[in-house]
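What follows is a single structure, written as structure tokens, with notes after it.
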Amino acid sequence: QVQLVESGGGLVQAGGSLRLSCAASGRTVSSYAMGWFRQAPGKEREFVAAISWSGGSTVYADSVKGRFTISRDNAKNTVYLQMNSLKPEDTAVYYCAARGGSSPRVRAYDYDYWGQGTQVTASS
């Protein structure tokens, strides 16, 4: 089992930045690909970014490309999402997820473990 805990969410003005963290426990996640998803009120959960187990491969949703950066520190069992130039449409609950495979995936059902989420609000 893998437990994931997100942190770093909050309220920020449009154009601002936040850095989300996802701390894993239970098993080392160094052999897991990791992803970030988000869900806004009344909308389906959507893919944001994903990273391979080694960190050598990343994938981003078109809506965040160039503004968000996913990274990982396997020694700390932690994955990060640096979010810059935030827009009101980025407002959502952000979830961290882990999958028992090496490559990053964009579909939620490919992931085996999920955190509880952290709220991000970008005000206009």
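Of all residues in segment 31-43, count the ones that are out of contact with any Leu (no Cβ under 6 Å at 6 or more places or on another chain) and either in a strand (DSSP E or B) or crowded, with 23+ Cβ neighbours inside 10 Å (or both).
7
Against the list (1) open to solvent by less than 30 Å² (accessible area, probe 1.4 Å); (2) touching a strand residue (DSSP E or B) at 6+ places or on another chain (Cβ under 6 Å), the condition Gly16 fails is (2).
Total residues in segment 1-21 satisfying the condition of being in a loop (DSSP other than H, G, I, E, B) and not aliphatic (A, V, I, L, M): the figure is 6. Exactly one residue out of Thr91, Thr121 is in contact with a helix residue (DSSP H, G or I) (Cβ under 9 Å, 6 or more places away or on another chain) and open to solvent by 30 Å² or more (accessible area, probe 1.4 Å), and it is Thr121. Screening Glu46 on (1) open to solvent by 70 Å² or more (accessible area, probe 1.4 Å); (2) of a type in the set (D, E, K, R); (3) out of contact with any strand residue (DSSP E or B) (no Cβ under 7 Å at 6 or more places or on another chain) shows it passes everything except condition (3).
Go over the candidates Arg27, Arg67 one by one and state the one that is under 20 Å from Leu86 (Cβ atoms) and either surrounded by 14 or more Cβ atoms within 10 Å (Cβ to Cβ) or small (Gly, Ala, Ser) (or both).
Arg67
Hey, any hits in segment 102-112 for a residue that's over 18 Å from Ala24 (Cα atoms) and buried (at least 18 other Cβ atoms within 10 Å of the Cβ)? Within segment 102-112, not a single residue is over 18 Å from Ala24 (Cα atoms) and buried (at least 18 other Cβ atoms within 10 Å of the Cβ). Would you say Ala24 is at pLDDT below 95, part of a strand (DSSP E or B) and not hydroxyl-bearing (Ser, Thr, Tyr)? Judged against the criteria, Ala24 is a match.
The values are calculated or read from the model by the stated rules, or taken from the named source; none is laboratory data. Nothing here was measured: the structure is a model prediction, and the numbers come from that model. Here the Cβ is made from the backbone with ideal geometry for all residues, glycine too, and neighbour counts use every protein chain on show. Please note that ligands, DNA and RNA were not included when accessible areas were found on the heavy atoms of the full protein model with its side chains. Shrake-Rupley method; radii C 1.70, N 1.55, O 1.52, S 1.80 Å.
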